[in-house]
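*Asks:* Take a look at this one; I'll ask things after.
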Amino acid sequence: MHSPPLAGRRVIELGTMLAAPFASHILAQLGAEVIKVEPPRGDPTRSLVRGGPSGTFIAYSHGKKSVCLDLARPDGHAAFLKMLETADAFVHNLAPKAARKLKLTKAECQAINPRLIYCHIRGYADGPQADDLASNPVAEASTGVMEANRIDGRPSRLGPSYHDQFAGAYAVIGILARMLQPEAAKEGGHVEIGLYETGLHVASRDLVGVQLKTQLLGRPEREPHGEFSMPGYGAYLTSDERWMYLLMLTDAHWLKFCQAMQLPEAADASLAALKDRKKARERVEEIVRKAIGARTFDDATARLRMAGVGSTEVLPLERVLDAEQARQPGKLRSVRYRDLAFDVPEFPRRDAARDGVATLPPPDLGEHTRDVLLAAGLTPDACEALIDSGAACAGRPGDFAWAPVRKQA
């Protein structure tokens, strides 16, 4: 066992919902001490599921400490600044106006701690919309993702909040890059990530692809939505009604597939090249549908694996973690919370099974308020005065209880 890469680093998180909490979750998985600062009402993810904590909170708050402060109160704000003096990095996703109102801008925070790495995840980075609010679906809508994803004709969000999580990951990259610079120990740094700019970068391939087609063809043209341009690359139903997803990227894949399924098309020169299969998309799709539909999932899987063709089952969430691959050491972390047991996927890293990152259960609101404030230099009397005044609160295990499940008659 060896020390994780961020052992000894302290990160203050002032985040709600997903982007900033996801960023600090990764930093915690890399060994940083993460202190999650929450208002008296708690992070909204504490009360999303039947009035109690959500999967978001449990998945991305384990390994963190919770301090509860009312930053709108002068004494609560002063206590937060004392904590900030001891931090290596500060990560938040406050709206720009809220950051100014709370006096937590980069200039104000680095005046307290000049070596602080200040990371702000916001709706939009610098530009005419810098003060506008944005969320994950807004980023999808404004960067081309949502327009093609329609339900009953209406543009709709993808579902998972990928842009929030991409932005959190980009924030971690920025923080780590700043930590690698020798002058960071004295000068701190500034990392700014916009959800909108994140969406632009994630969509780079498609945005450039449209420009390419426009210049080559004289008109904008997009690939068929929802699938790659390669026919035969997608989900197909087996005879025992299990969905199989095929990887069909190259001419070699096509040949191996036809051979594995014992198809006469293996010798069909008119389908040997991808450009010809694209022209015969409907025919190719029908060939693949019939070939997969004629075999059970296990039979098709065995044949494709033997031939070296990539495939997998399209799994529902409740079966994902049953896979042998998911159960290998270092892939999942056992987390207990309120007498319930969870298998939480780790941040993927080579030494996850032996790097010594501690397992802390998701904290109750304010569970570590006293300990962290004392460590920041407040006296015991000052801590109790803050709690008595309501500017801070200590652990309250009964808060955010799940509503009981009513049994059906």
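*Asks:* Do we find a residue being open to solvent by 60 Å² or more (accessible area, probe 1.4 Å) and more than 26 Å from the chain's Cα centre (by Cα) anywhere in region 201-214?
*Replies:* yes
*Asks:* Filter region 186-240 down to residues that are aromatic (F, W, Y) and either at pLDDT below 90 or part of a loop (DSSP other than H, G, I, E, B) (or both), then give me how many there are.
*Replies:* 2
*Asks:* Restricting the search to region 181-197, which residues are out of contact with any Pro (no Cβ under 8 Å at 6 or more places or on another chain) and under 16 Å from V11 (Cβ atoms)?
*Replies:* Of region 181-197, the ones out of contact with any Pro (no Cβ under 8 Å at 6 or more places or on another chain) are 181-185, 189-197.
A184, A185, G189, H190, V191, I193, listed by residue number.
*Asks:* Got a sec? Which helices (runs of 4 or more DSSP H) wholly within region 9-117 have at least 3 residues that are without any contact (Cβ under 8 Å) to a residue 24 or more places away in the chain and either over 23 Å from N136 (Cβ atoms) or under 19 Å from the mean Cα position of the chain (by Cα) (or both)? Can you show your working first?
*Replies:* Values: elements: 19-29, 55-61, 74-85, 96-101, 106-112.
Counting at least 3 such residues, we get 106-112.
*Asks:* To continue, here is another question. Conditions first: (1) open to solvent by 20 Å² or more (accessible area, probe 1.4 Å); (2) touching a Lys or Arg at 6+ places or on another chain (Cβ under 8 Å); (3) within 26 Å of G390 (Cβ to Cβ); (4) not in a helix (DSSP H, G or I). H2 passes all but one, so which condition is the exception?
*Replies:* (3)
*Asks:* Considering only region 141-176, how many residues are without any contact (Cβ under 8 Å) to a residue 12 or more places away in the chain, surrounded by fewer than 17 Cβ atoms within 10 Å (Cβ to Cβ) and of a type outside the set (D, E, K, R)?
*Replies:* Here the count works out to 6.
*Asks:* Go through region 31-82 and give me each residue that's touching a Phe, Trp or Tyr at 6+ places or on another chain (Cβ under 6 Å), surrounded by 20 or more Cβ atoms within 10 Å (Cβ to Cβ) and of a type in the set (D, E, K, R).
*Replies:* Scanning region 31-82 gives a single hit, R46.
*Asks:* Still on this structure: Of all residues being in a helix (DSSP H, G or I), among the basic types (K, R) and within 33 Å of the chain's Cα centre (by Cα) in region 303-331, which is farthest from T238 (Cα to Cα)? Just the residue, please.
*Replies:* R319
*Asks:* Of all residues in region 125-174, count the ones that are out of contact with any Gly (no Cβ under 8 Å at 6 or more places or on another chain), among the aliphatic types (A, V, I, L, M) and within 14 Å of A19 (Cα to Cα).
*Replies:* Residues in region 125-174 being out of contact with any Gly (no Cβ under 8 Å at 6 or more places or on another chain), among the aliphatic types (A, V, I, L, M) and within 14 Å of A19 (Cα to Cα): 4 in total.
*Asks:* Here is a check on your reading of the model: is Y196 open to solvent by 30 Å² or more (accessible area, probe 1.4 Å) and in contact (Cβ under 8 Å) with a residue 40 or more places away in the chain?
*Replies:* Against the criterion (open to solvent by 30 Å² or more (accessible area, probe 1.4 Å) and in contact (Cβ under 8 Å) with a residue 40 or more places away in the chain), Y196 qualifies.
*Asks:* Among the listed residues A260, A291, A300, identify the single one that is within 35 Å of the chain's Cα centre (by Cα) and surrounded by 18 or more Cβ atoms within 10 Å (Cβ to Cβ).
*Replies:* On the way: A260 fails: within 35 Å of the chain's Cα centre (by Cα); A291 fails: within 35 Å of the chain's Cα centre (by Cα).
Exactly one of A260, A291, A300 is within 35 Å of the chain's Cα centre (by Cα) and surrounded by 18 or more Cβ atoms within 10 Å (Cβ to Cβ), namely A300.
*Asks:* Also, I was wondering about something else. May I ask you to list the residues in region 325-339 that are surrounded by 10 or more Cβ atoms within 10 Å (Cβ to Cβ) and either of a type outside the set (S, T, Y) or in contact with a Lys or Arg (Cβ under 7 Å, 6 or more places away or on another chain) (or both)?
*Replies:* Scanning region 325-339 gives A326, R327, Q328, G330, K331, L332, R333, V335, R336, R338.
*Asks:* Residues in region 119-140 that are free of Cβ contacts under 8 Å to residues at least 60 places away in the same chain and either at negative phi or of a type in the set (D, E) (or both): how many?
*Replies:* Residues that pass the stated criteria total 8.
*Asks:* Moving to a separate point now. With respect to the numbered conditions (1) modelled with pLDDT of 95 or more; (2) of a type in the set (S, T, N, Q); (3) open to solvent by 50 Å² or more (accessible area, probe 1.4 Å); (4) within 33 Å of the chain's Cα centre (by Cα), which one is the sole condition not fulfilled by T250?
*Replies:* Failed condition: (1).
The values are calculated or read from the model by the stated rules, or taken from the named source; none is laboratory data. Note that the structure is predicted; figures quoted are calculated from it, not measured. For neighbour counting, all protein chains shown are included, and Cβ atoms are generated from backbone atoms with ideal geometry for every residue, glycine included. Each accessible area value is taken on the protein alone, full model and side chains, heavy atoms only, with ligands, DNA and RNA left out. Shrake-Rupley method; radii C 1.70, N 1.55, O 1.52, S 1.80 Å.
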